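A.B. asks: One structure, as structure tokens, below. Some questions next.
The values are calculated or read from the model by the stated rules, or taken from the named source; none is laboratory data. Here the structure is a predicted model, which is why all the values come from computation and not from measurement. Cβ coordinates were reconstructed from backbone atoms using ideal geometry, including for glycine residues, and neighbour counts include every protein chain displayed. With ligands, DNA and RNA removed, areas are computed over all heavy atoms of the protein, side chains included. Shrake-Rupley method; radii C 1.70, N 1.55, O 1.52, S 1.80 Å.
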Amino acid sequence: MQGQTISLMMSNVESIPGKNIVNSLGLVTGSTVRAKNIGKDIFAGFKNLVGGELKVYTELLNESRNEAIQRMMIDAHARGANGIVNVRFATSNVAAGASELFCYGTAVIVE
Amino acid sequence: MSNAILIVIYAVSAILTLLPLWSWALGRWYQAGLVSKLNENEKLIGSILDDKMSISTSNKISLLGAEYSTLLHVSLCVGPSVGQIFFMWLKSLFGGRLHSYDVVLDFGRREALLRLKQQAAERGCTSIVNIRIETSVVSFAKTQNSKQASVEFLAFATGIR
């Protein structure tokens with residue numbers, strides 16, 4: 001499964017617009033815990049002199065969130081779903097220097 | 001010779017002790033630039049999108065007739081400068097409005113929404129429904145009480161066409 005990208009229909013409303021939900025397959029989740037590397041740390045330290053957007057963190061979080069979504073899709077795909085509805089995201093600071101990015105939704109079969 | 005060394009040491013220490021002040025001033029200047037750029041971009045994208053794109057936080061609207069839907073998500077990390085954090089610490093002894101945080105957080109949220117709209121436009125969506133905005137503190141610093149905390153804004157929505 002690693003390296004292979006799966007694409008499912010996703011939405012954060014109760015249905016997939018324009019489609020009929022045939023079957024619901026339950027909760028699917030995906031999560032990843034990330035820490036940043038020391039080079040980015042130093043760069044962000046310099047950036048902190050002026051504040052504003054911290055691009056290295058933005059990129060890191062986007063990358064990690066995409067990975068979490070990918071894991072959720074793999075979970076849904078393994079159950080034979082072709083869509084995920086009601087997707088929610090959560091971010092939490094689990095330890096000093098690390099963040100957990102978590103996403104969850106309901107796997108469904110649509111036609 | 002020793003005089004020159006003394007002057008260098010004096011200058012370096014002066015710069016270091018005034019570092020919060022430098023950082024505060026630089027931060028104010030830099031963030032004002034960011035905000036004015038954002039204002040321009042908002043006007044630009046507003047004039048392109050506002051006529052044809054409807055944006056709402058509701059999930060109860062009629063979704064009939066939609067032929068395509070996609071999940072949009074944008075996240076953005078912002079933080080005030082170290083000098084601003086230092087002066088805000090002083091200010092928070094007295095309480096009251098923290099202007100620097102106001103500016104930075106407002107900038108971050110508006111920028112996140114703007115990028116969401118841009119992403120929707122790139123994928124050809126005609127409306128955005130069920131927008132949610134979440135705020136969380138993200139600290140990648142190795143020590144517990146570091147000042148390098150930054151705020152993450154996550155905006156996600158369903159784009160339909």
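A.B. asks: For the protein assembly as shown, build the charge dipole from Cβ charges (+1 Lys, Arg; -1 Asp, Glu) around the Cα centre, then report which of A:MET10, A:THR106, B:LEU76 sits farthest towards its positive end.
C.D. replies: B:LEU76
A.B. asks: Mind putting a number on the dipole of the range A:9-110 about its Cα centre? Charges go on the C-beta only, +1 for Lys and Arg and -1 for Asp and Glu, and I need it in Debye to the nearest 20.
C.D. replies: Values: 10 positive and 8 negative charges, 8 e Å.
So the dipole magnitude of the range A:9-110 works out to roughly 40 debye.
A.B. asks: Could you give me the ³J(HN,Hα) list for the range A:94-102, computed from phi with Karplus coefficients 6.51, -1.76, 1.60 and θ = phi - 60°, whole Hz, x at Gly and Pro?
C.D. replies: With coefficients 6.51, -1.76 and 1.60, one gets 7, 8, 4, x, 9, 10, 9, 10, 10 Hz.
A.B. asks: A further question on this structure: For the range A:7-111, what is the accessible area per residue in Å² when the probe is 1.4 Å?
C.D. replies: Accessible area per residue, the range A:7-111: 43 Å².
A.B. asks: Starting from the Cα of A:VAL22, step 7 Å along the direction of its Cβ; do the same at B:SER13; then give the gap between the two resulting points in nm.
C.D. replies: The two pseudo-label positions are separated by 7.9 nm.
A.B. asks: Averaged per residue, what accessible area in Å² does chain B show with a 1.4 Å probe, protein chains only?
C.D. replies: 57
A.B. asks: Lys pairs in the range A:9-110, Cα-Cα under 21 Å, at least 8 apart or on separate chains: how many? List each step's numbers first, then the result.
C.D. replies: Details: A:LYS36/A:LYS47; A:LYS36/A:LYS55; A:LYS40/A:LYS55; A:LYS47/A:LYS55.
Pairs that pass both the separation and distance tests number 4.
A.B. asks: Run the dipole for chain B about the Cα centre, Lys and Arg Cβ at +1, Asp and Glu Cβ at -1, nothing else charged, and hand back the magnitude in debye, nearest 20. It would help to have the intermediate numbers written out before the result.
C.D. replies: Details: 16 positive and 11 negative charges, 39 e Å.
I would put it at about 180 debye.
A.B. asks: So, one more: At the nearest 100 Å², what buried accessible area, both sides summed, do you get for A and B when the probe is 1.4 Å? Let's see the in-between values first.
C.D. replies: Working: alone 6970 and 11000 Å², together 14350 Å².
Buried: approximately 3600 Å² between B and A.
A.B. asks: Between B:GLN118 and B:LEU38, what is the label-point separation in nm under the 7 Å Cα-to-beta-carbon projection?
C.D. replies: Computed distance between label sites B:LEU38 and B:GLN118 equals 1.3 nm.
A.B. asks: How much of the accessible area of chain A, probe 1.4 Å, is carbon plus sulfur, in whole percent? Please list the in-between numbers first.
C.D. replies: Numbers: 2730 of 5110 Å².
Answer for chain A: carbon and sulfur cover 53 percent of the accessible area.
A.B. asks: Here's a follow-up. Which of the aspartates and glutamates could a cross-linker span from B:LYS43 if the Cα-Cα distance has to be under 15 Å and same-chain partners fewer than 8 positions apart are dropped?
C.D. replies: Straight-distance partners of B:LYS43: B:ASP51, B:GLU111.
A.B. asks: Using helices alone, I'd like the mean residue ellipticity at 222 nm for the protein assembly as shown: each DSSP H run of four-plus residues gives -39500 (n - 2.57), total over residue count, nearest 500.
C.D. replies: On the way: 6 runs with 116 residues, N = 272.
Value at 222 nm, helices only: -14500 deg cm²/dmol.
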